[in-house]
Amino acid sequence: MRRRVSSLVKVRPAGAATQPALGLRVPLVALVQALAVAEHLNFRHAADALGISQSSVSTRIKQLEQDLGVQLFERRHRGVRLTEAGQHFLEHVATGIEHLDHAVRTAGAIARGERGRLRVGLYSSIFAGFLAELLGQFRGQYPTVDLQIMEGRARDTIRAVREARLDVAFVVGVPKVSDCHSKPLWTEALFVALPERHALAEAEGVTWPALSGASFLARTGGPGPQVHDHIVLRLAGHWCQPRIQRFDVERDTLMSMVAQGYGITLTSEAAAQVPFPGVVFRPVLDETELITFSALWSPHNRCQTLLHLLALAEQKSEGRSLGI
């Protein structure tokens, strides 16, 4: 072990229990060599195992005993024996070395993005399809990363990214946030959620003219504002003014309202893959635009786990665009 990379362990000399610490520092390499001698009970064998000279080991152990004011080993003709004090001291040293080794390995793994945590913001309607596959693939490649998922409204997850409480948020559209980066990753077709007793429930798909007289439901949070604006864009001026009610609820409550006949709502292709009792999902056949989903993150966040996820997302996005 090279001395230049060895940590220094601060110890209190023997007999100084009631005195302030004297600032004595012992090189970690001395402790490692002492452990080797304790294992082999022989200076020459310990030196051979460490790949250094016997005189170097003997000199360093002698200096360590002088620094500590404690005899660690009894020298014998054919080897050494641990003293009671030496056995007690080196048992604790061995535990400390194990903790230090674990700390070094863990720090390296975190720096490489192989361990640590990744905080992801989303809302439930996009936790399927591309995103579900992406996070599943990420967990497969980095199983020791603690993946923390927060569901919430788009504005809340974006705020959490800006405040460094989340590493990345997946949102509808391509938001323009001055202090964040965003990248479109995938698109999905538009679907309508209908009560299973609805007149259009048996059709393979629906069209906007067929929906012109319907009562629509939209959330105030999540993708609700985009849903509201898209309905108005498609129906206002072409047919009668659309009837849209907005509710401050989560997706499951909104779908429950659809099932009970309160109205219908729009959703994404991936969300339509998740069944809901009493609700059927049908594609809007004459819809000309796909729904775009993006990742949003802070450019100041250099967390390696985040960089791994973004690289994986970009690779997956390019593969999907190429039909891979």
So for the chain, averaging the separation of alpha carbon pairs under 8 Å that are six or more residues apart and normalising by length, what relative contact order in percent results? 19
Comparing Val80, Val168, Val227, which has the greatest mean-square fluctuation in the GNM of the chain with Cα pairs linked when under 10 Å apart? Val80
With the dipole of the chain worked out from charges on the C-beta (+1 for Lys and Arg, -1 for Asp and Glu) around the Cα centre, which of Trp297, Ala34, Val280 lies farthest toward the positive end? Ala34
With n ≥ 4 as the cut-off for DSSP H runs, can you work out [θ] at 222 nm for the chain, using -39500 (n - 2.57) per run divided by the number of residues, rounded to the nearest 500? -12500 deg cm²/dmol
Degrees between helix 130-141 axis and first principal axis of the chain (Cα, 0 to 90, nearest 10): 10
Count charges around Ile291 for me, please; just the other residues with Cβ under 10 Å from its Cβ, Lys/Arg as +1, Asp/Glu as -1. -4
If you take the square roots of the eigenvalues of the alpha-carbon gyration tensor of the chain and sort them as a ≥ b ≥ c, do you get rounded (a/c under 1.5), prolate (a/b over b/c) or oblate? prolate
Contact order normalised by length for region 177-324, with contacts defined as Cα pairs under 8 Å and 6 or more residues apart; what percent is it? 43
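Any read-out appearing in this document is the output of simple, stated calculations on the displayed coordinates, not a laboratory observation. What you see is a predicted model, and the numbers here were worked out from it, not measured in a lab. FYI the Cβ positions are ideal-geometry reconstructions off the backbone, even for glycines, and counts take in every protein chain you see.
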